[in-house]
Amino acid sequence: MPRLALRVLATVLGTLTLVTGCSNGGGDGGSGKGRRPSGAQVTIRVPGDAPTISAAVSLAHAGDLVLVAPGVYHESVKVSTPRVTLRGESRDKVVIDGRLQQPNGVVVAAPGVAVENLTVQNNTQNGVLVTGSAKAAAGLPGRSGGYDTGDEPVTFLKSFLVSHVTATRNGLYGIYAFSAQNGVIEHSYASGGADSGIYVGQCKPCRIVVRDNIAELNAVGYEGTNAGGDMYVVGNRLVGNRVGLTTGSDHQEKLLPQQGAVIAGNLIAANQQRATPQQADGGWGIGIGVDGGSDNRFVRNRIAGNSNVGLVITATADIPAVGNQITDNTFTGNSVDVGWTFPTAARGRGNCLRGNGLRTTVPARLATTASCPLPSTTLSPAGQWAMPTAPGGIPFTEVAAPAPQPQFPHALTTGATAVPAVPDLPDLAGVPLPSASLLAAGARVQTS
């Protein structure tokens with residue numbers, strides 16, 4: 001949990017009274033009420049077979065589908081049985097609403113689980129949390145404020161899928177994968193995240209694919225911290241946040257440093273939206289921020305209309321940014337296309353650019369002086385520019401409601417989803433430069 005998360009969480013906890021356990025609208029919190037249909041790999045219907053989602057999940061065996069009818073469900077659902085699919089009949093009408101009285105909407109704490117076609121909102125921490133960390137699942141910070149900051153080894157959750165989920169107005173993250181590997185976050189929508197809409201943290205190698213999602217009206221659209229190794233962020237719309245995307249290193253999580261992510265084919269634009277939760281570290285008008293991350297590849301992204309900088313590389317305290325490659329992207333309409341700024345103690349090395357059609361860089365002539373390929377020992381030049389002051393934001397609870405989002409195909413007739421042990425990874429050669437209208441149909445914030 002990085003610095004911003006800690007500050008936001010402290011604010012939330014200082015203004016809200018949290019309740020322990022689950023509020024299930026009259027249900028039993030999953031203590032066993034209801035009836036599982038006989039047979040193997042069955043469909044358990046809510047409320048037909050069980051009165052609450054938690055009760056249905058507690059009845060489920062591996063391979064079962066929990067299918068939820070339209071309604072507003074005031075409960076926190078924890079899935080602890082492997083290979084269970086939790087799916088709503090209607091993405092917009094099946095709503096798990098925390099009423100600002102619980103940390104998480106859905107917690108995935110077992111491998112092979114799929115969460116599909118529903119909305120999670122109004123949780124003090126996360127809409128959907130996927131984690132192998134017992135502390136994170138319980139909402140308990142570690143010694144230094146982040147999760148799992150003690151001496152014990154990292155415990156990973158192996159394999160997951162989050163698909164066609166709408167996560168809005170949550171106090172930290174909309175969709176949060178932490179201490180998890182071998183997963184996919186796809187076709188989802190995240191807004192009103194007081195830290196970020198989608199977050200992947202503490203995995204190496206990750207083998208995680210974040211694809212075809214919309215993240216808007218968040219403090220940060222996508223955030224990757226200490227996440228690398230087959231980590232792909234591909235074909236997403238990160239438009240109308242305060243910061244579009246960050247990837248970096250943070251001492252408050254394990255597996256330092258962050259390295260080895262691929263950011264490709266994304267639309268990252270207009271990230272200076274005022275009606276968003278205020279970013280505690282002051283980030284504003286930034287398309288992509290690399291903060292002590294290394295060996296990342298930024299390929300064929302469209303980075304447009306960001307009022308501070310299209311892409312900035314800097315350092316985290318004592319962790320330099322090394323060997324990042326920025327190739328074949330399209331930069332248009334940014335105040336500064338690419339800016340590099342490093343503290344003296346953590347100078348970047350081996351960062352390079354090629355084929356981006358840059359208009360403005362700080363320092364000047366980076367496209368020439370830092371052209372790829374570049375030895376990893378080559379010191380990166382640093383510069384400064386006049387950065388705009390971030391305006392005040394709004395509470396995450398006041399962020400605009402989402403537009404209707406696409407439904408999971410055949411939600412009522414398709415059985416449980418088989419989540420692969422290891423997902424197929426994208427073929428980078430087949431990832432195109434996105435158009436300026438990428439995934440615009442489900443978005444509130446449009447590009448000009």
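No lab work stands behind these numbers, since they all come straight from the coordinates. As the structure is a computational prediction, the values presented were derived from the model and not from experiment. Glycine gets a Cβ as well: all are built from the backbone with ideal geometry, and neighbour counts include every protein chain shown.
May I ask you to evaluate 6.51 cos²θ - 1.76 cosθ + 1.60, the Karplus curve with θ = phi - 60°, for each residue of segment 298-312 and list the ³J(HN,Hα) values in order in whole Hz, giving x for glycine and proline?
Taking θ as phi minus 60°, the curve returns 10, 10, 6, 8, 9, 10, 9, x, 8, 6, 9, 7, x, 9, 10 Hz for segment 298-312.
Any idea which of Val312, Leu172, Ala138 is furthest toward the positive side of the dipole for the chain, if Lys and Arg beta-carbons carry +1 and Asp and Glu beta-carbons -1?
Val312
For segment 317-333, in order, what is each residue's ³J(HN,Hα) by Karplus, 6.51 cos²θ - 1.76 cosθ + 1.60 with θ = phi - 60°, in whole Hz (x at glycine and Pro)?
With coefficients 6.51, -1.76 and 1.60, one gets 6, 9, 10, x, 8, 10, x, 7, 10, 10, 9, 6, 8, 10, 10, 9, x Hz.
What number of lysine-lysine pairs in the chain show an alpha-carbon separation below 29 angstrom, given a sequence spacing of 8 or more or placement on distinct chains?
14
Name the residues whose placed amide hydrogens come within less than 5 Å of the amide hydrogen of Val362, ignoring near sequence neighbours (fewer than 5 apart) on the same chain.
When sequence neighbours closer than 5 places are left aside, the close amide H contacts are Val338, Gly339, Trp340.
Looking at Leu428, Trp284, Tyr232, which one has the Cα that reaches farthest to the positive end of the dipole of the chain (charges on Cβ: Lys, Arg +1; Asp, Glu -1)?
Trp284
Relative contact order for segment 337-448: what is it in percent, counting Cα pairs under 8 Å that are at least 6 residues apart? The partial results should precede the final answer.
Numbers: 82 pairs, mean separation 26.7, N = 112.
It comes to 24 percent, rounded to a whole number.
Place a point 7 Å from the Cα of Trp385 along the Cα-to-Cβ direction; which residues of segment 251-280 have their backbone N under 18 Å from it?
Residues 268-273 qualify, since their backbone N sits under 18 Å from the label point.
When ranked by the protection proxy of mean other Cβ atoms within 10 Å per residue, highest first, what sequence do the peptides 425-432, 439-446, 81-88 form? Walk me through the numbers on the way to the answer.
Details: 425-432: 12.0, 439-446: 17.0, 81-88: 24.0.
Ranked by mean Cβ neighbours within 10 Å, highest first: 81-88, 439-446, 425-432.
Figure the gain on full extension for Ser437 and Ser38 (residue separation times 0.36 nm, minus the Cα-Cα span) and round it to one decimal in nm. Don't jump to the answer; show the numbers that get you there.
Working: separation 399, 0.36 × 399 = 143.64 nm, distance 4.77 nm.
Extra length available between Ser437 and Ser38 comes to 138.9 nm.
Based on DSSP H runs of at least 4 residues, each adding -39500 (n - 2.57), what is the mean residue ellipticity at 222 nm of the chain after dividing by all its residues, to the nearest 500 deg cm²/dmol? Could you put the intermediate results ahead of the total?
Working: 4 runs with 28 residues, N = 448.
Calculated from helices alone, the mean residue ellipticity at 222 nm is -1500 deg cm²/dmol.
Take every Cα pair under 8 Å in the chain that's 6+ residues apart, average their separations, divide by the length, and report that relative contact order as a whole percent. Before the final figure, lay out the partial values.
Working: 1501 pairs, mean separation 52.8, N = 448.
Computed value for the chain: 12 percent relative contact order.
Which whole-Hz couplings ³J(HN,Hα) result when phi for each residue of segment 423-428 is put into the Karplus expression 6.51 cos²θ - 1.76 cosθ + 1.60, θ = phi - 60°, listed in order with x for Gly and Pro?
x, 5, 9, x, 7, 4
Hey, can you rank 107-116, 212-221, 365-374, 338-347 by average C-beta count inside 10 Å, highest first?
Details: 107-116: 24.3, 212-221: 30.0, 365-374: 15.4, 338-347: 18.0.
Most protected by this proxy first, the peptides run 212-221, 107-116, 338-347, 365-374.
Taking every eigenvalue of the Cα gyration tensor of the chain, multiplying by 5 and rooting it, what semi-axes result, largest first, whole Å? Intermediate results must be reported in sequence, preceding the final value.
Numbers: eigenvalues 273, 85, 84 Å².
Semi-axes, largest first: 37, 21, 20 Å.
Stretched out fully, how many nm does the piece from Val72 to Gln446 gain, at 0.36 nm a residue minus the Cα gap?
Details: separation 374, 0.36 × 374 = 134.64 nm, distance 2.92 nm.
That pair, Val72 and Gln446, stretches by 131.7 nm at full extension.
Treat the count of other C-beta atoms within 10 Å as a stand-in for reagent exposure and order Glu253, Glu186 from fewest to most. Walk me through the numbers before you get to the answer.
On the way: Glu253 25, Glu186 19.
Listing Glu253, Glu186 from fewest to most nearby Cβ atoms yields Glu186, Glu253.
If one computes the Cα centroid of segment 197-245 and of segment 382-448, what distance in Å separates the two points?
Each part's Cα centre sits 9 Å from the other's.
Taking other Cβ within 10 Å of each residue's Cβ, how do Tyr222, Tyr232, Tyr176 sort, fewest first?
On the way: Tyr222 30, Tyr232 23, Tyr176 33.
Ascending Cβ contact count within 10 Å gives the list Tyr232, Tyr222, Tyr176.
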